[in-house]
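What follows is a short report on a single structure.
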Amino acid sequence: MGERTKISVRGIVQGVGFRPYVYTVATSLCLRGYVANTADGVDIEVEGENVGKFLPALVSKPPPQARIDETRSLTLPLHGYEGFRIVKSIDSPGIDGLNASPITFMPADISTCDDCLHELLNPADRRYLYPFINCVNCGPRYTIIKSLPYDRESTTMSVFRMCEECGQEYDNPQNRRFHAQPTACPKCGPAVELVYSDTCRRSNPASNPLSKKETDPIRKTVELLKDGAIIAIKGLGGFHIACDATNDAAVKRLRTQKRKSNKPFAVMVAGAGDAADLCFLSEDEKNLLESCSRPIVLLRKKGNHLSTSVSPENRYYGVMLPYTPLHYLLFYYPLHGIVPFGSPHFKALVMTSGNISGTPVISENSEALRLPGDSVDGFLLHNRDIYNRVDDSVLFVTDRGTPMFVRRGRGFVPMAIGLPCEGPQVVAVGADVKNTFALTKGKYLIPGPHIGDMGNYETLEFFEKSMSNMMNTFRINPEAIACDLHPGYFSTTLAEQMASIQTISAHTSSAQISSTQTLGMEIFAVQHHHAHIGSVMAEHRLTSKVIGVVLDGTGYGEDGNLWGGEFIVAGVSDFTRIGHFKYIALPGGEMAIREPIRVAISLIADAWGAGANEILEKLGFIEKYGKYFIETIMAIIPVKEVSPLS
């Protein structure tokens with residue numbers, strides 16, 4: 001008869017093929033029992049003669065995207081199971097006492113695997129050219145998950161009922177789609193649709209009206225892009241605005257419509273070889289490009305092989321590879337008998353975030369269709385809802401080969417970061433510029449997605465929804481809230497409002513936030529630059545005091561001034577400011593941060609005093625910015641008499 005053991009597993013063990021893996025290990029050892037997702041991880045019961053071999057086999061080679069952080073075993077009396085089964089999820093903890101703050105990790109989205117890519121471009125496969133092909137090793141995760149445990153009914157795929165063939169694959173332990181929650185096919189899954197904009201119909205009367213569906217939307221999208229069109233494309237975590245990156249007229253038009261500054265556009269190329277044609281590519285950069293997270297990687301240009309308007313006056317391109325089946329089809333969809341995996345249709349496609357300037361990436365079809373009518377020529381939509389919107393991650397590789405984040409998003413959110421020790425559950429709301437919030441639970445920190453600048457209603461709404469979703473999913477019951485020391489930040493106000501509501505949920509509205517009920521949470525205001533040093537300390541798991549140099553622009557200081565250029569001796573909970581750059585006037589307050597020309601004028605006035613006007617004229621400032629603007633700025637700078645340096 002053998003023995004019976006119950007095992008609770010914590011870590012990244014949902015949405016990564018872990019239960020099918022457990023099934024395979026258990027049946028290979030002729031064990032009986034079950035495996036189930038729980039609110040806190042995975043529960044397993046095994047009984048039989050080889051129970052002692054099960055756990056070592058389980059932890060030896062988990063699925064590629066899985067991570068086992070913790071296991072706990074409990075010996076039980078024999079039950080008499082018949083066979084081994086994957087059973088319905090259990091919404092309760094596994095073994096009491098495993099962890100004071102149990103946590104189940106929500107998986108990040110995973111780029112299309114090689115097996116699915118082969119099927120996608122295989123004319124003999126039933127999912128040939130199907131833009132939503134996925135399996136247990138790839139596909140949407142975070143962007144479609146509503147709650148844990150991770151089951152199909154807890155995702156936006158719940159509205160798509162599997163056909164008989166997909167159901168058989170889903171139930172077959174020997175199949176790659178065994179319990180793959182987003183699995184689908186052309187018969188039963190999501191579909192794409194091409195909608196033309198008013199601009200496109202005006203310029204091309206033969207194009208289909210909104211009421212008539214394009215019979216081959218992906219083919220037509222490729223043709224439009226090749227002809228210089230700009231298309232809004234619904235992807236994994238939101239919309240991209242796309243055009244041919246070699247078409248100078250299209251890129252210039254996109255820059256005029258979307259981004260009037262010289263901020264570079266991200267581009268997508270078909271493979272690492274295509275990236276190497278455009279940029280210098282080290283082995284570390286290649287590995288990062290091809291990783292299952294598929295971030296945008298900043299790569300040094302070999303020259304301007306694309307339109308100069310893609311990345312003007314910049315030595316780098318932001319490059320990414322396709323990470324969904326739809327992206328691959330944009331490069332390889334068979335046109336006029338062209339065989340897939342021949343030469344890609346495009347050297348590179350601009351793939352910039354689909355949003356109105358200053359607002360979050362668009363995630364809903366109705367929202368996209370409200371984009372200004374002359375900004376895009378069409379919309380490639382699909383009907384799989386995005387529950388958690390998230391922008392592309394941006395990284396670069398240091399000279400030492402270490403990946404560094406510029407923006408943490410798709411492919412990494414909501415992956416947790418280990419902390420040096422266990423602590424209370426805390427919500428950190430972040431600052432107002434390039435905002436990202438974070439949650440802590442147990443010995444883990446869970447960064448949220450890149451939110452953006454907290455200066456408009458849409459961004460604040462995105463912030464509230466994203467934080468509520470993650471708090472609900474990870475079952476965070478905060479004991480404290482951390483915010484920036486700046487009393488005027490939107491994020492500081494939100495922290496104060498959060499402390500005044502009884503419960504925080506995905507359905508919390510702005511009206512509810514005015515409640516006078518309290519959670520009894522203490523708010524901790526953290527000085528901006530101390531927070532930066534603290535984040536680096538946490539990244540490197542440091543708890544003793546460090547000397548930190550922060551060259552981060554400005555942050556509200558303890559003396560009421562805006563600090564910048566700080567030399568700090570910092571610990572986990574306190575710091576001493578031992579030096580700083582000289583204070584300077586900031587004409588217009590924080591407006592000077594957004595318009596650095598004001599700071600330049602202030603520095604010149606500080607150095608040259610009453611003689612600053614002469615210097616400004618010699619430098620061409622008055623001619624470029626106008627006499628009235630310069631005089632207005634100078635009027636609000638306290639000018640002192642100085643002896644100019646020779």
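Restricting the search to segment 537-561, which residues are hydrophobic (A, V, I, L, M, F, W, C) and either open to solvent by less than 80 Å² (accessible area, probe 1.4 Å) or under 30 Å from the mean Cα position of the chain (by Cα) (or both)?
Initial filter on segment 537-561 (hydrophobic (A, V, I, L, M, F, W, C)): 537-538, 542, 546-547, 549-551.
Hits for segment 537-561 are Met537, Ala538, Leu542, Val546, Val549, Val550, Leu551.
Can you tell me which of Val22, Val59, Val51, Val46 is within 20 Å of Ser154 (Cβ to Cβ) and in contact (Cβ under 8 Å) with a residue 12 or more places away in the chain? Give the steps one after another, and end with the answer.
Numbers: Val59 fails: within 20 Å of Ser154 (Cβ to Cβ); Val51 fails: within 20 Å of Ser154 (Cβ to Cβ); Val46 fails: within 20 Å of Ser154 (Cβ to Cβ).
Just a single option satisfies the conditions, and that option is Val22.
Pick out the one residue from Gly455, Gly442 that is at pLDDT below 90, more than 17 Å from Ala525 (Cβ to Cβ) and either touching a His at 6+ places or on another chain (Cβ under 7 Å) or not in a strand (DSSP E or B) (or both). Don't jump to the end; show me each part of the working.
Values: Gly442 fails: either touching a His at 6+ places or on another chain (Cβ under 7 Å) or not in a strand (DSSP E or B) (or both).
Just one listed residue meets the conditions, Gly455.
Does segment 213-227 hold any residues that are surrounded by 14 or more Cβ atoms within 10 Å (Cβ to Cβ) and either outside any loop (DSSP other than H, G, I, E, B) or under 29 Å from the mean Cα position of the chain (by Cα) (or both), and which are they?
Pro217, Ile218, Arg219, Lys220, Thr221, Val222, Glu223, Leu224, Leu225 - these are the residues of segment 213-227 that are surrounded by 14 or more Cβ atoms within 10 Å (Cβ to Cβ) and either outside any loop (DSSP other than H, G, I, E, B) or under 29 Å from the mean Cα position of the chain (by Cα) (or both).
Return yes when Gly11 is of a type outside the set (Val, Ile, Thr) and either open to solvent by less than 10 Å² (accessible area, probe 1.4 Å) or part of a loop (DSSP other than H, G, I, E, B) (or both) and no when it is not. So that I can check it myself, show each step before the final result.
Numbers: of a type outside the set (Val, Ile, Thr): yes; either open to solvent by less than 10 Å² (accessible area, probe 1.4 Å) or part of a loop (DSSP other than H, G, I, E, B) (or both): yes.
Criteria met by Gly11.
Please go through (1) over 21 Å from the mean Cα position of the chain (by Cα); (2) open to solvent by 10 Å² or more (accessible area, probe 1.4 Å) for Leu278 and return the number of the only condition it doesn't satisfy.
Checking Leu278 against (1) over 21 Å from the mean Cα position of the chain (by Cα); (2) open to solvent by 10 Å² or more (accessible area, probe 1.4 Å), the one that fails is (2).
When segment 179-195 is examined, which residues are found to be open to solvent by 10 Å² or more (accessible area, probe 1.4 Å) and either part of a loop (DSSP other than H, G, I, E, B) or over 21 Å from His327 (Cβ atoms) (or both)?
His179, Pro186, Lys187, Cys188, Gly189, Ala191, listed by residue number.
Regarding Thr473, is this residue more than 20 Å from Arg10 (Cβ to Cβ), modelled with pLDDT under 95 and of a type in the set (Val, Ile, Thr)? Explain how you work it out, then say what you get.
Values: more than 20 Å from Arg10 (Cβ to Cβ): no; modelled with pLDDT under 95: yes; of a type in the set (Val, Ile, Thr): yes.
The answer is no for Thr473.
Suppose the filter is under 15 Å from Val426 (Cα atoms), in a helix (DSSP H, G or I) and at pLDDT 90 or above; does Ala525 pass it? Full working, then the answer.
On the way: under 15 Å from Val426 (Cα atoms): yes; in a helix (DSSP H, G or I): no; at pLDDT 90 or above: yes.
Judged against the criteria, Ala525 is not a match.
Run down Thr402, Thr459, Thr436, Thr493 and say which single residue is open to solvent by 20 Å² or more (accessible area, probe 1.4 Å) and touching a helix residue (DSSP H, G or I) at 6+ places or on another chain (Cβ under 9 Å).
The match here is Thr402.
Would you pick out the residues in segment 24-50 that are surrounded by 21 or more Cβ atoms within 10 Å (Cβ to Cβ) and part of a helix (DSSP H, G or I)?
Hits for segment 24-50 are Val25, Ala26.
When residues of segment 562-586 are filtered for being over 32 Å from the mean Cα position of the chain (by Cα) and either surrounded by 13 or more Cβ atoms within 10 Å (Cβ to Cβ) or outside any loop (DSSP other than H, G, I, E, B) (or both), how many remain? Outline the logic, then answer.
Residues of segment 562-586 that are over 32 Å from the mean Cα position of the chain (by Cα), as a first pass: 569, 576-586.
Remaining after also requiring either surrounded by 13 or more Cβ atoms within 10 Å (Cβ to Cβ) or outside any loop (DSSP other than H, G, I, E, B) (or both): 569, 576-580, 583-586.
The total comes to 10.
If you take the residues in segment 351-374 that are outside any loop (DSSP other than H, G, I, E, B) and surrounded by 15 or more Cβ atoms within 10 Å (Cβ to Cβ), which one is nearest to the chain's Cα centre (by Cα)? Spell out the reasoning first.
First, pick out the residues of segment 351-374 that are outside any loop (DSSP other than H, G, I, E, B): 351-353, 365-368.
Checking the rest, the ones that are also surrounded by 15 or more Cβ atoms within 10 Å (Cβ to Cβ) come to 351-353, 365, 367-368.
Working: Met351: 15, Thr352: 14, Ser353: 12, Asn365: 19, Glu367: 20, Ala368: 19 Å.
So the residue we want is Ser353.
Based on this model, can you work out whether Asn122 counts as surrounded by fewer than 14 Cβ atoms within 10 Å (Cβ to Cβ), polar (S, T, N, Q) and at pLDDT 85 or above?
Working: surrounded by fewer than 14 Cβ atoms within 10 Å (Cβ to Cβ): yes; polar (S, T, N, Q): yes; at pLDDT 85 or above: yes.
So Asn122 fits the description; yes.
What's the number of the only condition in (1) part of a loop (DSSP other than H, G, I, E, B); (2) in contact with a Gly (Cβ under 7 Å, 6 or more places away or on another chain); (3) among the basic types (Lys, Arg) that Arg400 fails to meet?
The one condition Arg400 does not meet is (2).
Could you list, in sequence order, all residues of segment 157-178 that are open to solvent by 10 Å² or more (accessible area, probe 1.4 Å) and under 30 Å from Leu224 (Cβ atoms)?
Selection gives Val159, Phe160.
I'm checking my understanding of the structure. Among residues of segment 584-633 that are of a type outside the set (Asp, Glu) and in contact with a Ser or Thr (Cβ under 9 Å, 6 or more places away or on another chain), which one is modelled with the lowest pLDDT?
Residues of segment 584-633 that are of a type outside the set (Asp, Glu), as a first pass: 584-589, 591-594, 596-605, 607-613, 615-616, 618-622, 624-630, 632-633.
Next, only the ones that are in contact with a Ser or Thr (Cβ under 9 Å, 6 or more places away or on another chain) stay: 584-587, 592-593, 609, 633.
Values: Ile584: 86, Ala585: 87, Leu586: 86, Pro587: 89, Ala592: 85, Ile593: 79, Gly609: 84, Ile633: 87.
By that ranking, first place goes to Ile593.
Hey, which of the strands (runs of 3 or more DSSP E) in segment 237-322, taking only ones fully inside, have at least 3 residues that are more than 11 Å from Ala348 (Cβ to Cβ)? Even if it seems obvious, please write down each step before you answer.
Values: elements: 239-244, 266-268, 296-300, 316-320.
The qualifying strands (runs of 3 or more DSSP E) are 239-244, 296-300.
Return the pairs, sorted by first residue and then second, in which the second residue is hydroxyl-bearing (Ser, Thr, Tyr) and modelled with pLDDT under 95, the first residue lies in segment 521-535 and is closer than 10 Å to Leu485 by Cβ and surrounded by fewer than 20 Cβ atoms within 10 Å (Cβ to Cβ), the beta carbons are less than 8 Å apart, and the residues are 6+ apart or on different chains.
Ala525/Thr492
Looking only at segment 404-419, decide whether some residue is over 20 Å from the mean Cα position of the chain (by Cα) and either assigned to a loop (DSSP other than H, G, I, E, B) or under 22 Å from Ile451 (Cα atoms) (or both).
Within segment 404-419, none of the residues are over 20 Å from the mean Cα position of the chain (by Cα) and either assigned to a loop (DSSP other than H, G, I, E, B) or under 22 Å from Ile451 (Cα atoms) (or both).
The values are calculated or read from the model by the stated rules, or taken from the named source; none is laboratory data. Treat the numbers as computed from the prediction; the structure is a model and nothing was measured. Here Cβ is always computed from backbone atoms with ideal geometry, including for glycine, and neighbour counts include all displayed protein chains. Accessible surface areas use protein heavy atoms only, side chains included; no ligands, DNA or RNA. Shrake-Rupley method; radii C 1.70, N 1.55, O 1.52, S 1.80 Å.
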